[in-house]
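Report on the following structure.
None of the figures in this text is laboratory data; all of them are computed from the coordinates on show. Values in this document were obtained by computation on a predicted structure and should not be read as measured data. As a convention, Cβ positions derive from the backbone with ideal geometry for all residues, glycine included, and neighbour counts pool all protein chains shown.
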Amino acid sequence: MTDRLRPLLQTDPLRPDGAITLAGGPLWFDHLALHSRTAPPRRIRAADLSPADLAPLTAPRPALCGLPLDRPRIMGVLNVTPDSFSDGGDHLDPEAAIARARALVDAGADILDIGGESTRPGADPVPEAAETARIVPVIAALRAAGLTTPISVDTRKAAVARAAFAAGADLFNDVSALTHDPASAATAAGLGGPVCLMHAQGDPKTMQDAPRYDDVLLDVADFLEARIQAAVAAGIPRHRLLIDPGIGFGKTTAHNLALIRGLALLHGFGLPILFGASRKRFIGVLGGTGPEPKSRTPGSLAVALEALRQGAQVLRVHDAAQTRQAAALWSALTSQNPTEAT
Ligand code: HH2
């Protein structure tokens with residue numbers, strides 16, 4: 001059972017002596033919380049830790065698809081599906097999907113995340129051929145039209161990832177962390193691009209039935225550690241990995257809140273954090289907006305800003321323009337040199 005460190009991150013320009021910068025970004029810490037399974041979290045001083053303990057927290061993260069991660073990056077969601085929970089059916093027609101991709105880039109998305117299978121709670125799996133047929137023409141058309149924005153493919157299937165990369169995708173985003181398809185780890189190793197390993201408990205069809213954890217934050221961290229080790233063993237270099245707590249994937253509202261509050265614990269792996277809470281159900285529950293996902297933008301922005309405060313490097317969102325604007329203001333307010341953030 002591994003104890004884990006969570007840096008208590010700060011943005012105030014008045015840094016105390018000995019303050020340590022998180023991953024080359026705007027945040028710093030001089031204390032951490034020590035999380036263990038046998039005692040409540042305990043506050044400890046950074047000065048009492050060894051350089052080896054601090055190294056994963058301090059090392060700047062490698063650029064993602066050529067994008068430096070020293071400022072927040074926006075991943076715009078494009079679901080080419082009939083049934084995604086918030087934009088299902090909006091972009092099933094390839095022309096609509098291409099127009100949406102362009103609108104997301106114009107709105108400030110740094111990366112596009114294109115998916116052809118909904119993984120919302122209760123969703124049925126989509127056959128490989130159908131999933132490929134939904135997304136590959138869209139990716140190919142965007143590349144043929146000269147779009148240079150990095151494209152992520154949101155899939156749990158190796159063959160779909162291969163077809164998407166052949167059409168011009170750059171990043172393999174797998175909500176099963178390479179567990180759904182036995183061929184995915186070797187495929188991801190061979191494709192050569194970054195790979196996002198996301199935590200999920202159970203399969204989309206049943207994952208919200210009765211999610212249970214001993215300690216959700218430590219359980220998610222242990223799962224991600226095991227998946228990082230499996231990915232590296234399969235030949236994916238560590239510097240190509242991103243991690244994601246998988247908000248809403250086999251989690252109650254309380255689980256989601258605990259993961260967001262404790263998000264900074266995941267910096268201990270020394271990898272960029274991708275965070276996706278956009279329009280998810282708990283935002284409607286806590287925000288009192290009811291069942292319509294498109295009404296959850298303000299709550300999604302509040303959660304996105306908290307993820308930035310916890311040092312998340314990439315925000316996966318549906319509302320790219322609104323998130324870009326919110327992130328720009330956050331960057332200006334937290335930058336030591338505000339002109340740099342404009
Ligand atoms: N959430 C969804 C899908 N893919 N990938 C990562 N890395 N992180 C996430 O949080 C994440 C994800 C679910 O959102 P969406 O794509 O809008 O819905 P659906 O699965 O219904 O298509």
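Data overview
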| quantity | calculated |
| --- | --- |
| Magnitude of the charge dipole, the range 148-257, Cβ model with Lys/Arg +1 and Asp/Glu -1, debye to 20 | 340 debye |
| Rg ratio (alpha-carbon, reference 2.2 N^0.38 Å) - the range 227-268 | 1.40 |
| Mean ellipticity per residue at 222 nm, deg cm²/dmol - from DSSP H runs of n ≥ 4 across the chain, formula -39500 (n - 2.57) | -10500 deg cm²/dmol |
| Debye, to nearest 20: dipole size of the chain, +1 on Lys, Arg Cβ, -1 on Asp, Glu Cβ | 380 debye |
| Pairs of Cα atoms farther than 21 Å apart, the range 7-154, % | 59 percent |
| Rg/Rg_ref, the range 199-342, where Rg_ref = 2.2 N^0.38 Å and atoms are Cα | 1.10 |
| Extended-chain gain in nm, criterion 0.36 nm per residue less alpha-carbon gap, ALA226 and ALA99 | 41.8 nm |
| Over the range 274-338 - Rg/Rh using Cα atoms and the Kirkwood inverse-distance radius | 1.00 |
| Size of electric dipole in the range 269-324: Cβ of Lys, Arg +1 and of Asp, Glu -1, about Cα centre, debye, nearest 20 | 80 debye |
| Highest-fluctuation residue, GLY116, GLY18, GLY235 considered, GNM on the chain with Cα pairs under 10 Å | GLY18 |
| Fluctuation leader among ASP30, ASP110, ASP17 - the chain, Gaussian network, Cα springs under 10 angstrom | ASP17 |
| Phi-based couplings in Hz for the range 236-249 (Karplus 6.51, -1.76, 1.60; Gly and Pro marked x) | 8, x, 3, 5, 9, 9, 10, 10, 8, x, x, 4, x, 9 |
| Over the chain, volume per residue of the alpha carbon convex hull, in Å³ | 129 Å³ |
| Gain upon complete extension [ASP124, HIS239; 0.36 nm per residue less C-alpha separation] | 38.1 nm |
| Over the range 137-186, volume per residue of the alpha carbon convex hull, in Å³ | 62 Å³ |
| Rg in Å to one decimal, and Dmax rounded to a whole Å, for the range 116-237 via C-alpha atoms | 15.2, 49 |
